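Written below as structure tokens is the structure these notes are about.
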Amino acid sequence: MSSTAPASGPSGIDHVDERLLRTTPLKKLLARPELGSVVGAIAVFVFFSVVADSFLKPSSLGTVFYAASTIGIMAVPVALLMIGGEFDLSAGVLVTSSALISSMFSYQMTANVWVGVGVSLLVTLAIGVFNGFMLTRTKLPSFIITLGTFLMLTGLNLGLTKLISGTVSTKTIADMEGFSSARKLFASQLTIGGVEFKVTILWWFGLVALATWILLRTRFGNWIFAVGGGSDAARAVGVPVHRTKIGLYMGVAFCAWISGQHLLFSFDVVQSGEGVGNELIYIIAAVIGGCLITGGYGSAIGSAVGALIFGMTSKGIVYAEWNPDWFKFFLGAMLLLATLLNAWIRKRVEATK
């Protein structure tokens, strides 16, 4: 057998291929994009454990995880989209659009609720395809494309709901066939150890696991990182850039459909003006979780930690009996601190290579 000899540089100093160097567990840990958010989550948990007596109660745990899951379900695909170098400003209102389509189609057509749910899935995915198609065809920034979609959906949600229902909210579908079974899938709750957990937590965990597997174990995951690192370079090595970006927008649409059905079957009616502004919260959760604005870096687990920080902060302020107006201050502070910590960790990792 022949051994691989180290290459000799021009100065006579031997150089070893970086891929052959051993990496210590500490360096592997520091290289994880979600490390900064994990540190932030621990700090938030300790902080509210001290200032809010009821924060550590078992019943509070279910409430915190539910608040995190409603953001986390959407933060997962938004994180993947950001790793791919793009944004989606229509994600918040798309959740509401999905719920409105299911409700109004079922009510107006007097169909089984599951028919409306299926139609909603098809329409919502079509909107995701539209965003991706317009992005790849026009070459305009995703900020502009999805801002236009955001405005159109906002107007359609309100205009069509008032035109069809006569008010800004849909009619109740609680007495329609299929409602109870759909509620079990999208809005039921489980009792574990005497603590009630919403089914959205299971959806959230499942999506995080699926997205992590896609990123780390599939060819499509490699394509996402490559496209986020640079579309031209990715295209040069054979990555289907257009298909990858359209697929990412379809992922956002699919999760918006899940969130929309939860919204509908939790309350059986939908307010057409909901969802505006939530797209920023999804992006914040992804950024706190380690995703870079420039793309090519991040993780699904990080987005989950970012959503958990959101849940702990939003409910921790309530348990501490503070004015809820402080919530956005803490969220903004966490965004800045997590971003600075992530940047510092990356510099430390790069300096030790």
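The values are calculated or read from the model by the stated rules, or taken from the named source; none is laboratory data. None of these values were measured; they are calculated from a predicted model. Methodologically, a virtual Cβ is constructed for each residue, glycine included, from the backbone with ideal geometry; neighbour enumeration extends over all protein chains shown. Remember, those area values only see protein heavy atoms, side chains included, never the ligands or the DNA or RNA. Shrake-Rupley method; radii C 1.70, N 1.55, O 1.52, S 1.80 Å.
Electrostatic tally near LEU308: other residues with Cβ closer than 15 Å to its Cβ, Lys and Arg +1, Asp and Glu -1, net +1. Once you put a point 7 Å from the Cα of VAL269 and another 7 Å from the Cα of LEU122, both along the Cβ direction, what distance in nm separates them? If labels sit at VAL269 and LEU122, their model points lie 2.9 nm apart. Over the chain, accessible surface divided per residue gives 51 Å², non-protein components excluded, 1.4 Å probe. Counting pairs of Cα atoms in the stretch 229-293, how many percent are more than 14 Å apart? Beyond 14 Å sits 73 percent of the P(r) for the stretch 229-293.
Computed over protein heavy atoms with a 1.4 angstrom probe, the accessible surface ordering of VAL241, VAL269, largest first, is VAL269, VAL241. When only alpha carbons are used to place a centre, the stretch 231-281 and the stretch 112-166 end up 10 Å from one another.
When the alpha carbon coordinates of the chain are projected onto the principal axes, the ranges are 81, 54, 39 Å, largest first. The largest accessible area among GLU86, GLU196 belongs to the first residue in GLU196, GLU86, and the rest follow in falling order (1.4 Å probe, all chains).
Remark: relative contact order (the chain) = 34 percent; criterion is Cα-Cα distance under 8 angstrom and separation of 6 or more residues.
Remark: accessible surface ordering of LYS315, LYS184 (largest first) is LYS184, LYS315, probe radius 1.4 Å. For the pair VAL237 and SER49, a Förster radius of 35 Å applied to the C-beta separation gives a FRET efficiency near 0.10, rounded to the nearest 0.05.
Spatial offset of the stretch 282-335 relative to the stretch 33-53 amounts to 11 Å, using the alpha carbon center of each. Shown for the stretch 93-250: the carbon plus sulfur share of the solvent-accessible area, taken with all protein chains present and a 1.4 angstrom probe, equals 68%.
In the stretch 191-311, one over the average inverse separation of all distinct C-alpha pairs is 16.2 Å, which is the Kirkwood hydrodynamic radius. Over the stretch 176-299, Cα pairs under 8 Å with separation of 6+ residues give a relative contact order of 27 percent.
Between the Cα long axis of helix 113-138 and the first principal axis of the chain there is an angle of about 40°, rounded to the nearest 10. VAL64 contributes about 10 Å² of solvent-accessible surface, heavy atoms of the protein only, 1.4 Å probe.
Compared with the dominant Cα axis of the chain, that is its longest principal axis, helix 241-267 is turned about 40°. Exposure check, 1.4 Å probe, all protein chains in place: TYR107 carries approximately 100 Å² of accessible surface. The modelled label-to-label distance for the pair LEU147/GLU321, using points 7 Å beyond Cα in the direction of Cβ, is 4.5 nm. Counting only protein heavy atoms and using a 1.4 Å probe, the accessible area of ASP232 comes to about 120 Å². Among the GluC sites (Glu not before Pro) found in the stretch 267-345, those both in a DSSP coil and sparsely packed, with 12 or fewer other Cβ atoms within 10 Å of their Cβ, are GLU321. Helix 142-165 and the longest principal axis of the Cα set of the chain meet at an angle near 10°. Residue separation of LEU202 and GLN108 scaled by 0.36 nm, minus their Cα-Cα distance, works out to 30.7 nm of gained length.
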